[in-house]
Every structure is written in structure tokens, then in C-alpha cells.
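Asker: Dropping a structure here in C-alpha cells format, bear with me for questions.
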Amino acid sequence: MHRGALNAFLALVLCTPLVAAAQAWPAKPIRMIVPFPPGGGVDFAARVVGRHLSERLGQPVVIDNRSGANGIIALEALKSAAPDGYTVAAASNGPLVINPAIYLKLPYDPVRDFVAVGRMVDFPLLLVTHPSLAATSVPEFIALAKARPGALTYSSPGIGNGSHLAVELLASMAKVNLMHIPYKGTAPAATALLAGEVAFTMSSIPTVLPHIRAGKLRALAVGNAQRMPALPEFPTLAESGVPGYEAFSWAGLIAPAGTPREPVMRLNREMAQILGQKDIVEQLAKDGALAMPDTPEEFAAYIKSELVKWASIVKLAQIKPE
């Protein structure tokens, strides 16, 4: 073989593994942004899924809690990240589909700036009170609220959060006046209730279940249309005096727009397998989260439908866009 041709051939052979290695994904740790502080439902789900993704992908999945501004800080950070498959976010309905209805100007567009990877979990919301509140059932709670209009205070992770709107929907359907006190995250909102700073909250179950079991908080009802099989002791609001009521939160994985199809599909496949494992489904259900794996296309369509749904609830709650 001619020396020049031989050199070219050797160069091609030697470089081919390097090109393949450069294209292999994942070749380094993956950052998963969480829009809330540690201790909340979204953080709980992100850590369960992230831990198993690390094992399956052979690379660490590092949780990056970026709380504040109702999730805006986290999603702005995701939008600014390189679309290379190494930065994703565990986004909930608050930052992703409710914020567009309550903020006139957002630094991100939920459809244009992100690509859907897949839905992770649903979080049935639990109406939970401080033990000092003189109400041990939903009818007693509603009667107390009607007797003391505007006096019953409740915490939420922030203005326009799913928990906030779930209470506003309850207030509208039960025809009561309740006082909202927003906090900066699910865990701080629960801490305020534990301290007796507020009378009640609507919370994702993982955040408050240990305190309910310890007798530090009292659960009245879940916001789901049906009782949860893993927690059948909690009645629904619909069966407890507010017929037709249903409200829950959810979380899913998203990535910056422009992220290649390969990591999106790999993440989706791995996550679907993780959320299909019986032990993980049972672990999530025990703590009040329901595994809800789907495809990127299904999640993208779900996000669009949720944008419409929550815009109507924001209007019902008479929350003026900021």
C-alpha cells in the first residue's frame, strides 16, 4: 500500500473509536434540576428515579435543588443549559403549566423552550390540618370555615402553586372564604403547619405522611376522584361533602429544547422501566405518589392540555397575573 494511503487508513482506524466515544451517551454525570428544596414530593420522586437512573446509565445523576420564584429560577437555568442530554429537570405542574397563567412575563415558554422526556408521577393532594383545629372531618372543616369566614389560614409552596389552586378550587366549590399564606417550597409550607403558623394545607402526601403517622398532623381527605389503594384510610373530598372535586399535582422530566433525540429516548426508556418495577411502584405508592410513565409524545400532549386546564382554574380562583 502506498505510504500516503497507509497513513490515511491508519488515521481513520485510530480515530474511529475516538469519534464513537465522543458520540456515546452518557459519558459524564447528568444534572437533574429540581425546582423545590429537599424534602418535598418532587424532590422525593426525583431522588428515587435519579438513583435508579444512575445505576442503569452507569453515570451519576446529580440532584440540583434550585428553589425560589415558584420554580422560575430552576426552569430558567434549564433553558440556559446546553441541550446535550446532560441537564434535565424534574418539573411539576406549578412551574411548567400554572406559572404561564399567573405571570404576564416569564423567562421561558413551556412548549417552545423545553422538550418533554416523560411523565414520572402523580401526587394526590391531601387536605391536612394542625391537630389544634377543631375539625376532624371535611363536613366539620367546611362548617368551621363558614362560621369563621377568612379566619382559617393555609400554607402553600407559593402563589399559583398546584396546592394553592387546589385550595382555591375547594373554597369555590364549598363556598367558603379561606386565607392564603404562601411559602417558598413544599417543605417550608409543611413546616409552617407543623409549627401551628397556619391551620391547614393541601400537600403532596410524601411531605406530610410521616407527620400524620406520628400524630403531629391530621389528614381529612385526598383530592383524587377515588381513594388510593395504598392509603385506603383517607376518604376523598368528593365523597366527604364536596361532590365532583378532583385536584392533584404531577412531575415529569424535561430537557432544554434542541436536546438530541437519542438521550431523550434513552432517558424515557430507562425511566419507564424503573417506574414499571413492582418494588418501586410500591415504594412510591406507600409514600403517596403514583407511577405514571409515558412516552415523550404523550407527555408533550399532556403538558399542552394541562396549560388549558390550569388557566381556567386560575381564572376561577380570580388570581390576577403578575
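The values are calculated or read from the model by the stated rules, or taken from the named source; none is laboratory data. Worth saying up front: this structure is predicted, and the values here are computed from it rather than measured. Positions of Cβ are generated from backbone atoms using ideal geometry, with glycine treated the same way; all protein chains shown enter the neighbour counts. Side chains included, ligands, DNA and RNA excluded: accessible areas come from the protein's heavy atoms. Shrake-Rupley method; radii C 1.70, N 1.55, O 1.52, S 1.80 Å.
Asker: Do any residues in the range 186-198 that are under 16 Å from GLY158 (Cα atoms) have Cβ atoms under 6 Å from those of residues that are assigned to a loop (DSSP other than H, G, I, E, B) and among the aliphatic types (A, V, I, L, M), where the two are at least six apart or on different chains, and which pairs are they?
Answerer: Cβ pairs passing all conditions: ALA192/VAL198.
Asker: Does the range 56-76 hold any residues that are among the small types (Gly, Ala, Ser) and under 23 Å from GLU262 (Cβ atoms), and which are they?
Answerer: Residue satisfying the conditions is GLY58 alone.
Asker: OK, next. For THR295, work out the one condition from (1) open to solvent by less than 70 Å² (accessible area, probe 1.4 Å); (2) at pLDDT below 95; (3) farther than 26 Å from PHE234 by Cα; (4) not small (Gly, Ala, Ser) it doesn't fulfil.
Answerer: For THR295, the exception is condition (2).
Asker: Restricted to the range 114-152, and to residues that are of a type in the set (Phe, Trp, Tyr) and under 27 Å from the mean Cα position of the chain (by Cα), which residue is surrounded by the most Cβ atoms within 10 Å (Cβ to Cβ)?
Answerer: PHE123
Asker: Can you find a residue that is within 26 Å of PRO26 (Cα to Cα), modelled with pLDDT under 95 and not β-branched (Val, Ile, Thr) anywhere in the range 81-93?
Answerer: Let us first name the residues in the range 81-93 that are within 26 Å of PRO26 (Cα to Cα), namely 81-92.
Filter again for modelled with pLDDT under 95, leaving 92.
This time we only want the ones that are not β-branched (Val, Ile, Thr), so: 92.
Yes: one or more hits.
Asker: Filter the range 271-298 down to the residues that are part of a loop (DSSP other than H, G, I, E, B) and of a type outside the set (Val, Ile, Thr) and list them by number.
Answerer: LEU275, GLY276, GLN277, ASP287, GLY288, ALA289, MET292, PRO293, ASP294
Asker: Filter the range 180-225 down to residues that are of a type in the set (Val, Ile, Thr) and part of a helix (DSSP H, G or I) and give me whichever is most open to solvent (accessible area, probe 1.4 Å).
Answerer: THR191
Asker: Residues VAL308, VAL281: which one is of a type outside the set (S, T, N, Q), without any contact (Cβ under 8 Å) to a residue 24 or more places away in the chain and touching a Leu at 6+ places or on another chain (Cβ under 8 Å)?
Answerer: VAL281
Asker: Just to be sure before I move on: is VAL111 open to solvent by less than 50 Å² (accessible area, probe 1.4 Å), among the β-branched types (Val, Ile, Thr) and either in contact (Cβ under 8 Å) with a residue 12 or more places away in the chain or not in a loop (DSSP other than H, G, I, E, B) (or both) in the structure I sent?
Answerer: Taking the combined requirement at face value, the residue does not satisfy it.
Asker: Return a yes/no flag: does the range 226-237 have any residue that is basic (Lys, Arg), open to solvent by 60 Å² or more (accessible area, probe 1.4 Å) and not in a loop (DSSP other than H, G, I, E, B).
Answerer: Within the range 226-237, not a single residue is basic (Lys, Arg), open to solvent by 60 Å² or more (accessible area, probe 1.4 Å) and not in a loop (DSSP other than H, G, I, E, B).
Asker: What is the one condition in (1) charged (D, E, K, R); (2) open to solvent by less than 60 Å² (accessible area, probe 1.4 Å); (3) in a loop (DSSP other than H, G, I, E, B) that LYS28 does not satisfy?
Answerer: All conditions pass for LYS28, except number (2).
Asker: Quick one: what pairs do we get from the range 217-245, first residue closer than 19 Å to THR201 by Cβ, second among the aliphatic types (A, V, I, L, M) and at pLDDT below 90, C-beta under 6 Å, 6+ apart or different chains?
Answerer: GLY223/ALA247
Asker: Looking at (1) assigned to a helix (DSSP H, G or I); (2) free of Cβ contacts under 8 Å to residues at least 60 places away in the same chain; (3) of a type in the set (A, V, I, L, M); (4) in contact with a Lys or Arg (Cβ under 9 Å, 6 or more places away or on another chain), can you tell me which one VAL62 breaks?
Answerer: (1)
Asker: Run ILE72 past the list (1) assigned to a helix (DSSP H, G or I); (2) farther than 25 Å from PHE44 by Cα; (3) open to solvent by less than 50 Å² (accessible area, probe 1.4 Å); (4) out of contact with any Gly (no Cβ under 9 Å at 6 or more places or on another chain) and report the number of the one that doesn't hold.
Answerer: The number of the failed condition is (2).
Asker: Is it true that some residue in the range 160-175 is open to solvent by 20 Å² or more (accessible area, probe 1.4 Å), polar (S, T, N, Q) and either closer than 30 Å to ALA291 by Cα or not in a strand (DSSP E or B) (or both)?
Answerer: yes
Asker: Consider the range 238-287. How many of its residues are open to solvent by 10 Å² or more (accessible area, probe 1.4 Å), farther than 26 Å from GLU76 by Cβ and hydroxyl-bearing (Ser, Thr, Tyr)?
Answerer: 1
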